[in-house]
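A quick write-up on the structure given underneath.
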Amino acid sequence: MQLKSNVPEGPLAEKWDKHRFSTKLVNPANRRKYKVIVVGTGLAGASAAATLAEQGYEVSSFCIQDSPRRAHSIAAQGGINAAKNYQNDGDSIQRLFYDTIKGGDFRSREANVYRLAQVSNNIIDQCVAQGVPFAREYGGTLANRSFGGAQVSRTFYARGQTGQQLLFGAYSALSRQIKSGKVTMHTRQEMMELVLVDGQARGIVTRDIISGEIASYSADAVILATGGYGNAYFLSTNAMASNVTAAWRAHRMGAGFANPSFVQIHPTCIPVHGSYQSKLTLMSESLRNDGRVWVPKKPGDTRKPGSIPEEERDYYLENKYPSFGNLVPRDVASRNAKEQCDAGKGVGSTQLAVYLDFAEAIRRDGEATILKKYGNLFQMYEKITDSNPLHEPMMIYPAVHYTMGGLWVDYNLMTTIPGLFAIGECNFSDHGANRLGASALMQGLADGYFIIANCIADYFGSTNPDKVSSTLPQFVDARKKCQDRIQKLLRGSKNGPQGKLTVDDIHKELGILLWDHCGMARNKEGLEKALAKLPALQEKFWKDVYIPGKGKELNQSLERAGRLADFLEFAEIIIRDALAREESCGCHLREESQTEENEAKRDDVNYSHVSVWEYQGDGQEPVLHKEELTFENVTPSQRSYK
Amino acid sequence: MWFVSFVKSSIGKKWIMALSGSFLTLFLCSHAAGNATLFSSISLFQAYADQLHSHPLIISVFSKGLTLTFAVHVVTGSLLFLQNRKARNQRYKVKTRAISNSQASSTMIYSGLFILLFIVIHTSVVSFGDHGKIGVTISEMFRSFFVSMFYIIAFIGLAIHLSHGFWSMLQTFGVNHPSYNSLISRLTYIVPLFFLLIFGTIPLLFLFGMVS
Amino acid sequence: MTTKSIDLSLEIWRQKDSRTTGVFESYQLKSISADMSFLEMLDVLNEKLTREGLDPVAFDHDCREGICGMCGAVVNGIAHGPEPETTLCQLHMRHFCNGDTIVIEPFRSRAFPIRKDLIVDRSALDRIIQAGGYISVNTGGAPDGNAIPIPSATAELAMDAAACIGCGACVASCPNGAAMLFTGAKISQLSLLPQGRPERKERAMAMVSAMDKEGFGNCTNERECEAVCPKGISIRNIARMNREFVKASFFG
Ligand SMILES: Cc1cc2nc3c(=O)[nH]c(=O)nc-3n(C[C@H](O)[C@H](O)[C@H](O)COP(=O)(O)OP(=O)(O)OC[C@H]3O[C@@H](n4cnc5c(N)ncnc54)[C@H](O)[C@@H]3O)c2cc1C
Ligand code: FES
């Protein structure tokens, strides 16, 4: 596997311009001859499909949900960053670039991140032109807030529904192209296989979720915008249908998978409250601006929070990190919460929660002020938990939230398979080992609106792929492979459910395995244990899972089983990747790699690289490749929050 | 052409209902004003009727226009009812309304048809009878308890119909704004009650022999 | 947090596919935690059915945070159930009592054919948007975001309308199966904003005619849509659409 990043030469700030000038173009009249498949209609996929269609390409767009408007991007609350410097508080492209690369703990490519910061401003303009109702100042100009610990106010937002509004913008642009006939929309179609012809990505195989029909589609290039794989952990803040299937199937066909163990765990989520729990809900990080995190000093203290006196409470973040206090970065907050719970000091019925207390803020600022800031969050919390944060401290616990890892792509967003591109959360490119708040939306839209069209033109212009049709043997084989796999999944269920397990039984087991051994803090021993346990779990799945119903019908159990089968295979490289990275970086503490003060210690000498995994066949150990990262414009510094 | 497609569109039909409804309400106003003469005396009322009928042109334009408007309102309303039944072709097993005061809106077709029945009877007796003796006709008519009751029930039906219709008309015209919504919601009670009061007291007055 | 648990009887619409007719089936569930969400309760039922070798109930869902608009069913006669401004996925079992019978039906409307059990096809809503629910700008070349100042109150009004999640509860609850709240919300959002003004007439005409073509019913101002809307979208948006449409028809 060759990892050529194809980063253009020249000064950082000029790379993108120069690159655009040097890349090949496709004559507008010729564009209609090229077909592009875009899988996914989240921010990345919808914006890419719309933009490519506007430019004249024939686009086919696919999504799992019944409408492109429902992609998981819709759930993003906080906002989107841009280096507009509208607030005149010292922001610039350079600063956004620096914050993002530093936030990623120096594990991403300089050139990609710089480009992201450069196009961030165009995104805001584009979205405003589409009618995205961003929050405004009284004078009519766009409002900003500071988000996720940033020192400048560069986050644009639309109430607590920024992702939704941005997605509706992209969806409306997509709808316009569907109307014009340039985009053919395929909803409720799940991509099951990638089809290669002569080593190039030339199509996909899909399963129609309503009828169960298997079909294939051919094209001149395939773009994956299928989002993140956080659901490998079973419980996460991701939508239920978020999966790794598309990316994993591409990986099996030869696409390198980068940094799979880089999984972000968000500190402020509503805790799990029962074994029936199906997903976790994120509470905005802004709550930590006024809430104080604490646990009882005595392990196993089951008193009500109100009856635990001040001196018996441990405000552990404030004590440990006096200068940052409750505002330490996501990973530090998450890790410490887990530590406290592991030490038996967790609260709530499951003892897997810590308090986030607003009592002092309410005393200081008054209920009205606090409600003005967090009223809707308090309401949401109360709706779910039936407890009012004004009267009782909130309970929070970390949860899997975002995956920085993904398909490896070069500067042109192309994977190691020619003609296969990956954009949005599905690729690995811009967030290194840790994503900053409000930057995933930015990246998805940057890729989709402003970057991918250039890459596609360059690819078509320089390779001029010849036409293929889905009657080729490669397509026939791929369809058969997909059908066989579905048969294989259903095979064990012929004799009924006696003595069998459900899909969720096994998914929960996988989730616990990953969470316990490959979560916020990892060590060699635990990871090896997890790796050793995995084959048995995989075997249990194929032997014992019971899937009711048939393949050729709407069968939600079968859908979930297919996704779980891929998560089970994929889990191996998550664990192997974590194992191979013997440093603490970004989101993760590798317990063997700590400073004397028990803080994360990065190892730039040995691990300043992207880990890229290559698939070797079923049952074969995957091979690790490395893309070395070089920093010419920034100097990697060690993070410290003491 | 644009007018045909407007009329055929869903919002166009709403407009027709609202427009014809508002004409009918205006007619009700003039009718109420005329009837109010009865509060003074039957002879004044008779004088008013005579005066009215001394202008046959007015009567003819008025009655034809009114019949047409009324027909449009009834036909469009019935059409909407039938189309809407088709759009919701499967019924729910449990029928619960999420809004509390939905009785008026969900029974528009029935209150409407009842009013239609009433008007057919009313016009055949009153309008096509002898105008010269209209005062006598009605005072005899209302002496019957059952006729009076029938009229009063019809007026209640009208009030119910209007209580949704009046608000609905404004909503269709696009009149919905927080700064005058409270006024509108008050009017949705006041307007129907006003008509109920004027029309409804007349049979009562006759019944209790209080008309001079 | 409460740890109360309740027993329930469920009556659920079961329909194999769009061609077959459906029937109600009854199920009993014991010890349902009051902290569960409605969909988690259905998950529990489905796990039970699966273990018994029966076909689990098919229902749509994705975000389970009340934002994607994927979930939805009519619970005891009310779309998304009894709690105001709450999607089905955000409805919690603490709003039900021990021993309750809950009748769960799919969103019913001619324009929403049932695909299986509680899953319906809402693509008609997408086609309404495709008819004109956008501002025709290509990517690139947009003026600076601050080039057109928009009063914050206008932006807020537009946001109120834009909050629609397209779940279809308005259609399901409307006695006439009308999609006016959905369509009105989009037309409102775009006609309020200066960016959307140039196309407002074409948009109103095109979207209303697409809506009519899809087989939705006519609005008779029943207000049911507003009452069940999980995002609290006001029928003021329908009033605004009426104005836009009439303006476009008469002066277009
Ligand atoms: C609760 C929450 C809050 C967040 N808040 C913020 C925030 O405030 N700011 C921020 O910047 N980021 C935030 N994020 C992160 C951000 O929302 C996501 O990273 C981003 O939206 C991902 O967009 P995407 O287009 O890459 O993928 P997605 O939006 O996940 O879209 C994936 C698409 O791919 C389709 N798909 C997937 N698999 C297949 C398949 N096999 N076949 C066919 N189609 C498939 C899906 O149907 C869907 O259309 C948040 C994330 C969560 C979970
Ligand atoms: S599942 Fe997304 S709104 Fe309910």
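The values are calculated or read from the model by the stated rules, or taken from the named source; none is laboratory data. If you're wondering where the values come from, they're calculated on a predicted model, not measured in any experiment. Quick reminder, even Gly has a Cβ in these numbers, built from the backbone with ideal geometry, and neighbours come from all protein chains shown. Side chains are part of the model used for accessible areas, which takes the heavy atoms of the whole protein and leaves out ligands, DNA and RNA. Shrake-Rupley method; radii C 1.70, N 1.55, O 1.52, S 1.80 Å.
In units of the rule-of-thumb radius 2.2 N^0.38 Å, region A:265-401 shows an alpha carbon radius of gyration of 0.97. The residues of region C:5-115 expose, per residue, 33 Å² of accessible area to a 1.4 Å probe. For region A:517-632, carbon and sulfur atoms together expose 43% of the accessible surface, with a 1.4 angstrom probe and every protein chain in place. Distance between Cα centroids, region C:195-238 to region A:497-551: provide it in whole Å. Region C:195-238 and region A:497-551 have Cα centres spaced 47 Å from each other. Comparing B:GLY65, B:GLY21, B:GLY77, which has the greatest mean-square fluctuation in the GNM of chain B with Cα pairs linked when under 10 Å apart? Taking springs between Cα atoms under 10 Å, the residue moving most is B:GLY65. Based on protein heavy atoms only, region B:2-207 ends up with 53 Å² per residue of surface accessible to a 1.4 Å probe. Past 20 Å, Cα to Cα, is the threshold; run B:LYS93/C:LYS30; A:LYS508/C:LYS48; A:LYS179/C:LYS116 against it and keep the listed order. With Cα atoms farther than 20 Å apart: B:LYS93/C:LYS30; A:LYS179/C:LYS116. Taken over the Cα atoms of chain B, the convex hull encloses 157 Å³ per residue. Buried area at the C:A interface is about 6500 square angstrom, summed over both chains, from accessible surfaces computed with a 1.4 angstrom probe.
Bridging of A:LYS524 to lysines at a Cα separation below 18 Å is possible for A:LYS533, A:LYS601, once same-chain residues fewer than 8 apart are set aside. When only Cα pairs below 8 angstrom with a gap of at least 6 residues are kept, chain A shows a relative contact order of 20 percent.
Could you run the Debye sum over the Cα atoms of the protein assembly as shown, one equal point scatterer each and no solvent, and tell me log10 of I(q)/I(0) at q = 0.04, 0.05, 0.09, 0.10 Å⁻¹, two decimals? Taken in order of the listed q values, log10 I(q)/I(0) reads -0.24, -0.37, -1.05, -1.27. Taking the C-alpha atoms only, the angle from helix C:123-132 to the longest principal axis of chain C is near 10 degrees. Spatially close Lys pairs in region A:265-401, defined by Cα atoms under 24 Å apart and a spacing of eight or more places or different chains, total 16. Averaging Cα coordinates gives a centre for region B:184-199 and one for region A:130-176; these two points are 46 Å apart. Across region C:5-115, Cα pairs under 8 Å and at least six residues apart give a relative contact order of 33 percent.
Solvent exposure of A:LYS543, expressed as accessible area, is near 120 Å², computed with a probe of 1.4 Å over the protein chains only.
For a straight C-alpha distance cut-off of 18 angstrom, the aspartates and glutamates reachable from A:LYS543 (same-chain residues fewer than eight places away being disregarded) are A:ASP484, A:ASP504, A:ASP505, A:GLU509, A:GLU559, A:ASP566, A:GLU569, A:ASP618. Ligands, DNA and RNA aside, B:TRP2 has an accessible area near 130 Å² when probed at 1.4 Å. Springs between Cα atoms under 10 Å define the GNM used for chain C, and in it the highest mean-square fluctuation of C:CYS89, C:CYS167, C:CYS97 occurs at C:CYS97.
Among residues other than A:LEU390 with Cβ under 10 Å from its Cβ, the summed charge is -3 (Lys and Arg +1, Asp and Glu -1). Cut-off 10 angstrom, C-alpha nodes, Gaussian network model of chain C. Which of C:ILE119, C:ILE148, C:ILE104 fluctuates the most? Top of the fluctuation ranking is C:ILE148. Considering only alpha-carbon pairs that sit under 8 angstrom and 6 or more positions apart, the relative contact order computed for region A:453-562 is 36 percent. Put the Cα centre of region A:283-318 next to the Cα centre of region B:1-37 and the gap is 66 Å. Accessible surface comparison of A:LYS4, A:LYS488, probe 1.4 Å, protein chains only, largest first: the order is A:LYS4, A:LYS488. Semi-axis lengths, largest first, of the ellipsoid equivalent to region C:5-115 are 20, 18, 13 Å, with √(5λ) applied to each eigenvalue of the Cα gyration tensor.
What are the lysines whose alpha-carbon lies under 28 Å from the alpha-carbon of A:LYS15, with same-chain residues fewer than 8 places away excluded? Straight-line reach from A:LYS15, under 28 Å: A:LYS4, A:LYS24, A:LYS84, A:LYS102, A:LYS626. Which helices pass in chain A if a helix is a full DSSP H run, must span at least 24 angstrom along its long axis by Cα, and must have mean Kyte-Doolittle hydropathy not below -1.0? Qualifying helices: A:110-130, A:162-180, A:524-544, A:556-580. Placing +1 on the Cβ of every Lys and Arg and -1 on the Cβ of every Asp and Glu, with no other charges, gives region A:265-401 a dipole of roughly 220 debye about its Cα centre.
In chain A, the DSSP beta bridges split such that about 70 percent are antiparallel, to the nearest 5.
Got a sec? What order do A:LEU196, C:LEU181 fall in by accessible area at 1.4 Å, biggest, i.e. largest, first?
Greatest to least solvent exposure: A:LEU196, C:LEU181.
The accessible-area ordering, largest first, of the residues B:MET1, A:MET395, A:MET404, A:MET240 stands as B:MET1, A:MET240, A:MET395, A:MET404, per a 1.4 angstrom probe. For chain A, the share of alpha carbon pairs falling in successive 20 Å distance bins from zero is 19, 55, 24, 1 percent.
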